[in-house]
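This report refers to the structure that appears directly beneath it.
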Amino acid sequence: MIADLDQRRAVGPEIHGAAPTGDLAELWENHQLDLKLVNPPNRRKFKVIVVGTGLAGAGAAATLSELGYQVEAFTFHDAPRRAHSVAAQGGINAAKGYKADGDSVERFFRDTVKGGDFRAREADAYRLSELSVRVIDHMTAQGVPFAREYGGGIATRSFGGVQVSRTFYARGQTGQQLQIAGSQQLLKEVGAGRLTLHTRTEMLDLIVSEGRAVGIVVRDLVTGEIRPVTAHAVVLATGGYGNAYFKSTLAKSSNVSATWRAHKRGALFANPCYVQFHPTSLPLNSEWQSKVTLMSESLRNDGRVWVPKEPGDTRPPNEIPEEERDYYLERLYPSFGNLAPRDISSRAAKAQLDAGKGVGPLRNGVYLDFSDAIARLGRKTIEDRYSNLFELYIDATGEDPWTEPMRIAPGPHFVMGGLWTDYDGMSSIPGLFVGGEASFNYHGANRLGANSLLSASVDGWFVLPWTVPNYLAPQLGTDPLPEDHPDVQATVRDVREQIDALLSVGGTRGPDYFHKELGDLLWDHVGVERNGHSLAKGADAIRDLREEFWRDVRVVGHGQQLNQELERAGRVADFLEMGELMALDALDREESAGAHFRTEYQTEEGEAQRDDEHWASTSAWAPAGPDGRPVRRSEPLTFERIALATRSYK
Amino acid sequence: MDLTLRIWRQPRHDTPGDFVSYQVTGVPEEASFLEMLDLLNEQLSERGEEPVVFESDCREGICGTCGLMIDGRPHGPWGNTATCQLHMRAYADGDEITIEPWRATGFPVIKDLAVDRSAFDRIIEAGGYISTPTGAAPDANLIPVDKATADRAFEAAACIGCGACVAACPNGAAQLFAGAKVAQLNMLPQGQPERYQRAANVVDTMEAFFGSCTNHGECQAACPKDISIDFIAWLNRDYRKAKLSGRQAG
Ligand SMILES: Cc1cc2nc3c(=O)[nH]c(=O)nc-3n(C[C@H](O)[C@H](O)[C@H](O)COP(=O)(O)OP(=O)(O)OC[C@H]3O[C@@H](n4cnc5c(N)ncnc54)[C@H](O)[C@@H]3O)c2cc1C
Ligand code: SF4
Ligand code: FES
């Protein structure tokens with residue numbers, strides 16, 4: 001154990017996810033019978049706030065509104081369609097078994113738990129698999145143009161980490177198609193006058209009164225107005241925090257503020273250190289680059305990954321003869337080859353880079369080569385499958401993947417961590433529900449490709465609309481808190497004070513400077529591989545950086561206007577707090593699991609070495625107490641349906 | 001490279017705006033156009049001047065947030081790319097570039113280069129959806145869609161809602177955006193029950209915000225997703241049928 005771990009964190013009592021017990025296959029159905037219902041005429045009497053209009057938020061808001069609840073939806077974007085879900089490329093999984101390739105709800109469930117390296121709740125993962133089927137039905141009915149076979153049925157393909165074909169897709173724009181359909185359902189409710197939508201409005205705090213979530217404080221991004229909104233329940237569907245790394249595959253404005261501020265009000269934050277690095281990102285071209293571009297992992301279905309056998313080989317790829325290439329994924333993982341799961345592929349790539357075999361001008365990538373596939377299947381087929389991805393690559397790099405291999409590298413992409421929730425999607429603050437990437441369940445320590453569009457959709461369309469009413473039902477006859485209530489006013493005051501504080505530092509560096517520095521620290525210390533000493537150093541460096549931020553940040557302009565610097569400064573301030581917890585969680589978890597790879601804990605073959613005896617659990621962090629130490633609580637995980645086993649993709 | 005930028009600055013929607021010239025220095029050729037503007041903003045902010053407001057998010061050409069009029073062309077010189085995908089290798093040292101917001105009555109300027117495109121959402125609210133309550137859908141494969149139709153629907157659905165079509169149109173019309181949405185839904189079997197109602201409601205709402213289409217075709221040329229003007233014909237045909245059969249917007 002790192003000597004000063006106890007000075008850095010405290011350990012609190014266990015926590016439990018309240019998942020019902022019994023046969024997993026019947027759990028959700030039985031549980032639905034136990035969930036309380038609200039009579040249709042009474043539903044108008046309840047107000048629910050939904051923050052976020054991505055797949056999770058749009059689904060929850062539209063469905064709750066259809067059911068008859070008063071819904072107010074919020075997004076900082078200018079339109080609901082722009083939520084980051086729109087950028088997902090590859091596809092969405094479902095256990096439809098349309099291909100007669102042995103797929104089933106059970107197999108999908110097992111793949112998810114195993115892919116997550118046994119760090120997810122079995123009951124939640126099972127429900128994900130079970131409801132996947134309905135998501136495809138629902139999205140198809142909405143007019144999502146999924147790829148079709150000639151016979152008119154829906155086509156599927158296989159995706160990283162599995163051996164069946166269960167990924168539904170719409171060319172390389174699956175997220176876009178699902179997201180646009182979801183926001184259309186949301187707007188349909190707005191048009192019908194049943195739902196109120198606030199665009200360009202950012203949630204800056206959660207209002208908690210007598211231990212319950214009763215509202216939020218928002219800032220109108222155009223006028224700068226700050227105001228409270230109260231309700232019977234609050235749903236956060238605000239996406240993931242991968243942008244903590246600054247250069248990530250996420251959209252520029254994705255941020256952690258909504259969930260982080262809820263955490264500061266007491267909501268437990270689960271597994272902050274579980275970050276997935278995507279193996280098919282584009283390598284950075286230089287240090288001024290503003291983000292990492294993702295190339296869909298579906299490319300690995302037909303592309304072969306390789307590096308030169310000799311370190312420091314600077315020949316152009318087409319001049320390196322076949323026998324001097326190392327197709328290392330095919331060599332190391334013969335049964336999965338180029339489709340090995342993301343964490344494994346990213347780590348394998350990092351090992352090649354560390355061995356000096358990186359390619360490209362900055363020697364920071366590996367090749368993804370389509371020449372065999374083009375020769376075998378013809379250019380037309382490859383065009384049908386990936387034309388927009390190839391165009392994206394050409395635009396971004398000016399290089400032509402038809403004639404020379406693409407270059408790819410691991411990039412921060414998805415966070416499995418998020419606010420802790422119980423089986424009902426409710427956080428540790430009653431009345432605060434969380435869905436989509438903002439929450440933590442389902443994916444354990446590593447997410448399977450195409451499982452996240454699914455989890456966001458499942459939460460939004462098929463879980464929260466059942467569980468939120470269960471919380472509302474007993475509150476019949478109560479009103480949302482009045483705006484002049486002292487707890488509401490106190491939260492509004494806190495938000496104003498923070499904005500004033502940011503505006504009045506009067507330092508010399510813009511928020512992006514600190515964000516980039518934080519990103520570099522996280523990449524170095526809480527990256528693809530971690531180790532105890534480096535994590536401790538990283539945590540300290542992040543703390544120092546945060547102090548420097550509050551001494552030296554410069555925010556030009558004032559708060560009563562559209563001020564993007566101010567928006568960024570607030571988000572960076574939260575990332576700087578979050579980043580330290582990411583490092584602390586990684587330091588605390590003395591094992592390797594999935595994407596969390598501690599170099600001290602590996603097998604002889606260099607694979608992640610779990611410690612099931614001590615760490616078969618979810619870490620759920622409470623905010624720091626008066627002594628400044630965050631408190632780690634644990635939810636024990638038990639595996640009844642599927643035996644704990646070491647993952648092997650050999 | 002060093003560049004001269006003429007940028008539209010406008011503090012608020014209700015105050016007048018004007019072009020301001022800026023020198024931006026040390027722009028790497030590999031940078032994207034928006035990274036070049038990031039650099040400018042960094043240089044402005046260092047001097048204590050207010051950075052230029054421009055919007056972007058995914059920076060991968062898919063969210064539709066970005067969108068600038070660059071030397072009079074929506075999304076700049078490349079064609080079939082969104083502003084965020086334009087790279088500085090399109091320019092040379094010493095170039096002067098004029099950057100404006102979208103200009104259209106339907107898209108009021110909010111500040112500098114940011115405009116309000118919420119009228120697009122009003123169009124969707126009016127009919128850009130298929131009514132399908134959650135939980136009511138049959139098995140997805142019970143609704144076969146032939147591959148050609150599915151592919152065509154996808155092409156219409158690829159619209160990113162950026163608004164370049166409106167900005168390019170001399171009349172500020174939104175036919176390409178609306179046509180693409182209506183065509184996507186109206187050609188699929190799932191969209192048939194609401195087909196004519198949808199066309200009528202979408203067109204009536206569109207006309208309340210945007211100018212009328214006189215077939216200039218500038219929209220398709222400006223569209224980063226190469227949405228075809230053939231979809232406008234779909235919209236017109238279904239709209240005419242709707243009106244002939246006496247379906248009222250509602
Ligand atoms: C490039 C890329 C490709 C991907 N491809 C795939 C894929 O092929 N398959 C797959 O399964 N997954 C994929 N993923 C992951 C997946 O897209 C996301 O995990 C998922 O879409 C998240 O959806 P969400 O609804 O939780 O959040 P988001 O879609 O991120 O939505 C967040 C919403 O919250 C709002 N919001 C956030 N904070 C606030 C605030 N403070 N106030 C107001 N509003 C706020 C935003 O405006 C937005 O509306 C990909 C991710 C990336 C980055
Ligand atoms: S039709 Fe083309 S130009 Fe118009 S909003 Fe859609 S993508 Fe943009
Ligand atoms: S920023 Fe998303 S399309 Fe340009």
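The values are calculated or read from the model by the stated rules, or taken from the named source; none is laboratory data. What you are looking at is a predicted structure, and each value in this text was computed from that prediction instead of being measured. Quick reminder, even Gly has a Cβ in these numbers, built from the backbone with ideal geometry, and neighbours come from all protein chains shown. Quick note on the areas: whole protein, heavy atoms, side chains included, nothing else; ligands and nucleic acids left out. Shrake-Rupley method; radii C 1.70, N 1.55, O 1.52, S 1.80 Å.
Tell me, please, whether a residue that is more than 10 Å from chain A (Cβ to nearest Cβ), of a type outside the set (Lys, Arg) and more than 21 Å from A:Val222 (Cβ to Cβ) can be found in the stretch B:38-59.
Within the stretch B:38-59, one or more residues are more than 10 Å from chain A (Cβ to nearest Cβ), of a type outside the set (Lys, Arg) and more than 21 Å from A:Val222 (Cβ to Cβ).
With A:Val86, A:Val71, A:Val105, A:Val50 as the choices, which residue is under 30 Å from A:Asn388 (Cα atoms) and either β-branched (Val, Ile, Thr) or away from every other protein chain (no Cβ under 14 Å) (or both)?
Of A:Val86, A:Val71, A:Val105, A:Val50, the one residue that is under 30 Å from A:Asn388 (Cα atoms) and either β-branched (Val, Ile, Thr) or away from every other protein chain (no Cβ under 14 Å) (or both) is A:Val86.
For B:Gly179, indicate whether it is within 16 Å of ligand 1 (Cβ to nearest atom) and within 17 Å of the chain's Cα centre (by Cα). Give the steps one after another, and end with the answer.
Values: within 16 Å of ligand 1 (Cβ to nearest atom): no; within 17 Å of the chain's Cα centre (by Cα): yes.
Criteria not met by B:Gly179.
In this structure, is A:Gly337 free of Cβ contacts under 8 Å to residues at least 40 places away in the same chain and at positive phi?
yes
For A:Leu518, work out the one condition from (1) in contact (Cβ under 8 Å) with a residue 24 or more places away in the chain; (2) part of a helix (DSSP H, G or I); (3) farther than 30 Å from A:Gln602 by Cβ it doesn't fulfil.
Result: A:Leu518 fails condition (3) only.
Does any residue of the stretch B:202-215 turn out to be surrounded by fewer than 18 Cβ atoms within 10 Å (Cβ to Cβ) and within 13 Å of ligand 2 (Cβ to nearest atom)?
Scanning the stretch B:202-215 turns up no residue that is surrounded by fewer than 18 Cβ atoms within 10 Å (Cβ to Cβ) and within 13 Å of ligand 2 (Cβ to nearest atom).
Going by what's in this entry, would B:Pro101 be described as more than 16 Å from ligand 1 (Cβ to nearest atom), closer than 24 Å to A:Val556 by Cα and at the interface with chain A (Cβ under 10 Å from one of its Cβ atoms)? Let's see the steps before the verdict.
Numbers: more than 16 Å from ligand 1 (Cβ to nearest atom): yes; closer than 24 Å to A:Val556 by Cα: yes; at the interface with chain A (Cβ under 10 Å from one of its Cβ atoms): no.
When the stated conditions are applied, B:Pro101 does not pass them.
Could you please let me know if B:Arg152 is away from ligand 3 (no atom under 16 Å from the Cβ) and open to solvent by 10 Å² or more (accessible area, probe 1.4 Å)?
So B:Arg152 fits the description; yes.
Out of A:Gly97, A:Gly151, A:Gly175, I need the residue that is within 14 Å of another protein chain (Cβ to nearest Cβ), under 24 Å from B:Pro133 (Cβ atoms) and either under 23 Å from the mean Cα position of the chain (by Cα) or open to solvent by 10 Å² or more (accessible area, probe 1.4 Å) (or both). Which one?
Within the list A:Gly97, A:Gly151, A:Gly175, the selection yields A:Gly175.
Can you tell which of A:Tyr423, A:Tyr386, A:Tyr393 is open to solvent by less than 10 Å² (accessible area, probe 1.4 Å), outside any strand (DSSP E or B) and within 23 Å of A:Tyr245 (Cα to Cα)?
A:Tyr393
Can you tell me which residue within the stretch B:227-250, out of those that are within 14 Å of another protein chain (Cβ to nearest Cβ) and at pLDDT 95 or above, is nearest to ligand 3 (Cβ to nearest atom)?
Residue satisfying both the conditions and the ranking: B:Ile227.
Starting from the stretch B:66-83, take each residue that is not assigned by TED's automatic domain parsing to the domain that holds B:Cys169 and list its partners that are surrounded by fewer than 17 Cβ atoms within 10 Å (Cβ to Cβ) and in a loop (DSSP other than H, G, I, E, B), counting only C-beta distances under 6 angstrom and pairs at least six apart or across chains.
B:Asn80/B:Asp226
Where residues in the stretch B:177-226 are basic (Lys, Arg) and more than 25 Å from B:Pro77 (Cα to Cα), which of them is nearest to ligand 3 (Cβ to nearest atom)?
Of the residues in the stretch B:177-226, the ones basic (Lys, Arg) are B:181, B:195, B:198, B:225.
Keeping just the survivors that are more than 25 Å from B:Pro77 (Cα to Cα) gives B:181, B:195, B:198.
Values: B:Lys181: 18, B:Arg195: 30, B:Arg198: 26 Å.
Top of the filtered list is B:Lys181.
With the requirement that a residue be at the interface with chain A (Cβ under 7 Å from one of its Cβ atoms) and either under 14 Å from A:Gly152 (Cα atoms) or charged (D, E, K, R) (or both), what does the stretch B:137-154 give you?
Residues satisfying the conditions are B:Asp139, B:Ala140, B:Asn141, B:Ile143, B:Pro144, B:Val145, B:Asp146, B:Lys147, B:Ala150, B:Ala153.
Out of everything in the stretch B:218-240 that is among the hydrophobic types (A, V, I, L, M, F, W, C), open to solvent by less than 20 Å² (accessible area, probe 1.4 Å) and more than 8 Å from ligand 2 (Cβ to nearest atom), what residue ends up being nearest to B:Val203 (Cα to Cα)?
Ranking the qualifying residues of the stretch B:218-240, first place goes to B:Leu235.
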